[in-house]
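A.B. asks: Here it is: the structure, laid out below.
Bear in mind that the values in this text are calculations on the coordinates, not laboratory data. Everything quoted here is computed from the prediction, not taken from an experiment. Neighbour counts are summed over all protein chains in view; Cβ atoms, including those assigned to glycine, are modelled from backbone coordinates with ideal geometry.
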Amino acid sequence: MRWLTVIAPVVVGAPLGACGSDGAPAAKTGAVALDLERPHGALDPDGFTTVDVVIHAANKDVELTAAVDHGAFSLGTIDRLADVTLEATLRNDSGAAVGYGRTAIATTIGDAGATFSVPVRRPIVYIAGAVSRDDDDNVKTPLVWSEAPATFSDLTTGAPLDGKSVLATPIVMTASAGPNLYAITQAIDAGTGALTGPAQVVPVSTADHALQPALPAAITGAVLDAAGSDDGKALVIGTTSELVAIDTASGQATPLATGSFARVAIVIGAGGEVDAVAVRNRGQTAGPCQASAELWWAPLAGGAKAVATGGFSDVAGDRGRAYYVDACTREVGAVDAAGPHVIRSLAALGSANAEATAVAVSNGQAFVGLEDPPATTALAVASLATMDPPRVLWSETAQQVVQAVGLTGVQRLLDASAVSLDHLELGAGGDYVALSTSAHFHGDPVIEANFPDITMDTEELRVFDAATGGAVQRYRSWCEGVIVSVSGDIRDWQCAAIPGQTTPASGMDHHIASLSFLYGKK
């Protein structure tokens with residue numbers, strides 16, 4: 001299904017040997033059509049007034065902007081270009097991205113009559129995970145774990161996230177493959193929260209979020225991470241026991257390697273080959289940095305291999321290239337079948353003990369998440385083409401307010417004792433950057449203030465404008481505490497929201513096991 005067809009005249013080079021009357025090579029003017037495809041449903045992009053198109057060629061990028069008038073726009077004349085990919089961003093009057101898409105395979109612009117299709121989707125961020133509850137409020141009773149429906153936030157509406165917008169079925173993870181969305185389901189042990197049994201992949205309609213029949217592939221091991229190819233044809237999933245590729249057309253699974261793969265990215269090379277890059281045996285980020293993780297290169301056609309060992313903590317893919325970040329050295333680099341090579345160091349950011357634990361890349365810009373003990377997280381952006389100083393978009397030491405139930409104004413501010421940055425992904429081609437954090441708090445008793453001994457755990461989703469660092473969403477998906485001992489007569493306490501933070505409606509809270517955008521970059 002297509003819409004907004006634009007006919008752009010293109011100057012096309014003549015066949016070899018053809019000359020004009022003056023002896024110069026002849027040229028002809030042809031036309032190409034740029035088709036922006038949408039799913040034709042409730043989730044179609046709307047409210048846009050301009051279209052930005054970026055044509056990525058080997059040695060340059062051509063950037064074009066056109067106003068939309070009654071559903072039509074013109075990009076003008078474009079010189080013939082070979083081996084290009086395209087990005088299209090739909091923007092509203094304020095310049096915010098309300099739709100985005102990109103092509104996956106290099107093509108040629110300039111052949112008269114050619115048509116280029118770019119599926120476009122709304123910038124929606126999805127988080128999925130499980131719920132752990134103490135159903136009878138008895139701290140001596142083990143928690144009961146269950147799956148939860150995925151929550152999503154449509155960033156075009158500006159509505160604060162409250163957990164009520166959900167996919168219909170409880171799932172443990174979402175993943176995108178280009179314009180297509182997939183849910184991953186797996187049984188959960190009610191007593192431990194461990195994912196058990198085979199996992200399945202379920203396509204999700206991007207027209208109305210309806211779930212489709214599950215693909216036949218059965219995946220072994222507890223699911224840890226997943227990534228998809230821009231052409232929508234493949235998913236690669238990392239579990240505690242394998243790295244596996246899923247053909248989204250047939251639903252068949254192809255094991256690539258064995259072991260525990262906690263981070264996965266996927267790239268399409270210039271020749272159309274599809275490769276995965278993954279981290280096996282990813283170290284825990286708490287405590288001294290561990291340099292025993294393995295960086296793997298895994299062609300979907302076969303021949304996966306470990307290419308390096310070090311402090312590798314995350315991987316990313318963008319425009320046919322794969323990248324990594326090393327937690328211990330705080331280096332960002334590129335990786336291919338020959339191994340990794342460093343592009344630049346971010347060691348100047350944070351304290352001497354800071355670790356780089358997450359990375360996402362878009363058009364030559366690396367977004368890097370850092371954890372600085374004991375409880376500070378930060379997000380920096382650094383050029384991969386220049387040595388310009390990195391820019392810190394956001395940095396914060398985690399805190400949480402608790403309040404006495406029924407006693408207005410009686411509150412306590414807790415400082416986190418530990419925090420981790422769990423997920424990082426870019427949306428709308430890099431316009432939005434989203435991350436999730438988890439934090440642990442402990443407050444000693446303060447007898448004279450009637451403050452009890454409290455421990456508490458929280459999880460948050462944050463979405464920023466990638467250009468300015470401005471907050472788009474701040475959603476606390478989880479907050480649960482235990483009163484270890486009571487001091488004084490104030491016995492009942494609850495988590496409180498702070499300015500700018502939204503919280504789940506009753507029963508809609510959950511842990512964040514995955515974070516994804518359609519056309520996400522991770």
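A.B. asks: Using only alpha-carbon positions, what ratio does the radius of gyration of the chain give when scaled by 2.2 N^0.38 Å?
C.D. replies: Values: Rg = 24.5 Å, N = 522, 2.2 N^0.38 = 23.7 Å.
Normalised Cα radius of gyration, the chain: 1.03.
A.B. asks: Something else: Hey, any idea what Rg/Rh is for the stretch 230-365, computing Rh the Kirkwood way over Cα pairs? Mind showing how you got there, number by number?
C.D. replies: Values: Rg = 14.7 Å, Rh = 15.1 Å.
Radius of gyration relative to Kirkwood radius: 0.98.
A.B. asks: Given that compact globular proteins tend to follow 2.2 N^0.38 Å, what is the ratio of the alpha-carbon Rg of the stretch 471-522 to that value? Could you put the intermediate results ahead of the total?
C.D. replies: Numbers: Rg = 15.8 Å, N = 52, 2.2 N^0.38 = 9.9 Å.
Dividing the Cα radius of gyration by 2.2 N^0.38 Å gives 1.60.
A.B. asks: With each pseudo-label sitting 7 Å past Cα toward Cβ, what's the SER351-TRP394 distance in nm, one decimal?
C.D. replies: That separation, rounded to one decimal, is 2.2 nm.
A.B. asks: Using alpha carbons only, how many angstrom separate the centre of the stretch 320-336 from the centre of the stretch 358-435?
C.D. replies: Using only Cα atoms to place each centre, the spacing works out to 19 Å.
A.B. asks: Taking the Cα centre as origin and putting +1 on Lys and Arg beta-carbons and -1 on Asp and Glu beta-carbons, what dipole magnitude results for the stretch 432-522, to the nearest 20 debye? Present the calculation step by step, with values, prior to reporting the outcome.
C.D. replies: Details: 6 positive and 11 negative charges, 128 e Å.
Magnitude of the dipole: close to 620 debye.
A.B. asks: Same structure again: In whole Å, what are the extents of the stretch 43-177 along the principal axes defined by its C-alpha atoms, from largest to smallest?
C.D. replies: Principal extents (Cα only, largest first): 71, 30, 23 Å.
A.B. asks: Report, in whole Å, the centroid distance computed from the Cα atoms of the stretch 155-194 and the stretch 211-226.
C.D. replies: 13
A.B. asks: Which whole number of Å³ per residue matches the convex hull of the alpha-carbon atoms in the stretch 120-249? Write down the numbers at each step before the final one.
C.D. replies: Values: hull volume 14.7 nm³, N = 130.
Output value, Cα hull per residue: 113 Å³.
A.B. asks: Putting +1 on Lys and Arg Cβ atoms and -1 on Asp and Glu Cβ atoms, find which of GLN411, PRO445, ALA382 reaches farthest to the positive end of the dipole of the stretch 355-466.
C.D. replies: Sorting the options by dipole projection puts first ALA382.
A.B. asks: To continue, here is another question. Which whole-number percent is the relative contact order of the chain (Cα, under 8 Å, 6+ apart)?
C.D. replies: Working: 1558 pairs, mean separation 55.4, N = 522.
Dividing the mean separation by the residue count of the chain yields 11 percent.
A.B. asks: Which of the trypsin sites (Lys or Arg not before Pro) found in the stretch 430-498 are in a DSSP loop and have at most 12 neighbouring Cβ atoms, other than their own, within 10 Å? Provide the component values of the computation, followed by the final result.
C.D. replies: Working: sites: ARG462, ARG474, ARG476, ARG491; in loops: ARG491.
For trypsin sites (Lys or Arg not before Pro) across the stretch 430-498 that sit outside H, G, I, E and B with at most 12 neighbouring Cβ atoms in 10 Å, the list reads ARG491.
A.B. asks: Of the peptides 381-388, 167-174, how do they stack up when ordered by the mean number of other Cβ atoms within 10 Å, highest first? Write down the numbers at each step before the final one.
C.D. replies: Details: 381-388: 14.2, 167-174: 21.1.
Those peptides, ordered most packed to least, come out 167-174, 381-388.
A.B. asks: Follow-up. Suppose the chain between ASP35 and ALA168 were pulled fully straight at 0.36 nm per residue; how much longer would it get relative to their current alpha carbon spacing?
C.D. replies: Numbers: separation 133, 0.36 × 133 = 47.88 nm, distance 3.14 nm.
Gain on extension, ASP35 to ALA168, equals 44.7 nm.
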